[in-house]
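The values are calculated or read from the model by the stated rules, or taken from the named source; none is laboratory data. Quantities reported herein were computed from a predicted structural model and do not represent experimental measurements. Note that each Cβ is placed from the backbone with ideal geometry, even for glycine, and that neighbours are counted across all protein chains shown. These accessible areas exclude ligands, DNA and RNA; they are computed on the full protein's heavy atoms, side chains included. Shrake-Rupley method; radii C 1.70, N 1.55, O 1.52, S 1.80 Å.
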Amino acid sequence: MNQDDIIIRAASPEDGAALLAIYAPYVQHTAITFEYAVPSLEEFTGRIAATLTKYPYLVAEHQGCPAGYAYTGPFSGRAAYDWSAETSLYIRRDCRRQGIGRKLYEALEAVSKAQHIVNLNACITCPDADDEYVTRNSVQFHAHMGYAMVGIFHSCGYKFSRWYHVAWMEKFLGDHPAVPEPVIPFPVLRPRLRRILNGQE
């Protein structure tokens, strides 16, 4: 897949069906997500809309079709955590290992910096050994993207009749100022998204 053919854009609720089609196999066949049941289209579309009120929800398109998506969300609901965000990433099964994840994460980082967010946090299923439901590829991907391991919660998730560990990894996007600037909601930045992704801001 030619990287120049991959276009990153903001998602909209109208993308719900296409993105749910990417997500559903992860629910049904993997322990990458701990959801047991595929959400309804209405619920999934609502999640997209809710995220976009403050955070980026980005789609990678290849030849006009969504090949993956990524978004951030609150690390916690408390005000003091406002400058931290949790990341999520899902790639269409036939488009993995083609650089789409890296491109989406780089875009998330650019937008998050523009928002004045300084910490990105990732919650990742972390098995002792690869199995048919999950591997350690996500941990390795995040390490390649500059995330550092913070810690592991042991045997805290139960899916497919087995217990899984969860790792937390973090990446600092910049310094931690004595007085951070207020976080800018994504809708304010959205008209400038192309410039942000092109490094023009």
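The table below lists the values:
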read-out: Hits in the stretch 50-76 - residues which are within 25 Å of residue 150 (Cβ to Cβ) and either surrounded by fewer than 14 Cβ atoms within 10 Å (Cβ to Cβ) or of a type in the set (Val, Ile, Thr) (or both); value: 51, 72, 76
read-out: Residues within the stretch 169-201 that are under 22 Å from residue 84 (Cα atoms) and assigned to a helix (DSSP H, G or I), tallied; value: 9
read-out: Selection within the stretch 153-163 - open to solvent by 90 Å² or more (accessible area, probe 1.4 Å) and more than 16 Å from residue 136 (Cα to Cα); value: 158, 161
read-out: Failed item, numbered, when residue 189 is tested on (1) out of contact with any His (no Cβ under 6 Å at 6 or more places or on another chain); (2) open to solvent by 50 Å² or more (accessible area, probe 1.4 Å); value: (2)
read-out: When residues of the stretch 77-103 are limited to those that are part of a loop (DSSP other than H, G, I, E, B) and open to solvent by 40 Å² or more (accessible area, probe 1.4 Å), the one nearest to residue 23 (Cα to Cα); value: 92
read-out: Residue count, the stretch 1-34 (criterion: part of a loop (DSSP other than H, G, I, E, B) and either under 18 Å from residue 63 (Cα atoms) or open to solvent by less than 50 Å² (accessible area, probe 1.4 Å) (or both)); value: 7
read-out: Matching entry among 133, 147 (being touching a Ser or Thr at 6+ places or on another chain (Cβ under 7 Å) and not β-branched (Val, Ile, Thr)); value: 133
read-out: Criterion violated by residue 47 - all others in (1) part of a loop (DSSP other than H, G, I, E, B); (2) open to solvent by 40 Å² or more (accessible area, probe 1.4 Å); (3) not small (Gly, Ala, Ser) satisfied; value: (1)
read-out: Residues being within 30 Å of residue 79 (Cα to Cα) and either open to solvent by less than 50 Å² (accessible area, probe 1.4 Å) or in a helix (DSSP H, G or I) (or both) - total across the stretch 117-136; value: 9
read-out: Unique match (being outside any helix (DSSP H, G or I), open to solvent by less than 60 Å² (accessible area, probe 1.4 Å), in contact with a strand residue (DSSP E or B) (Cβ under 9 Å, 6 or more places away or on another chain) and aliphatic (A, V, I, L, M)) among 166, 150, 139; value: 166
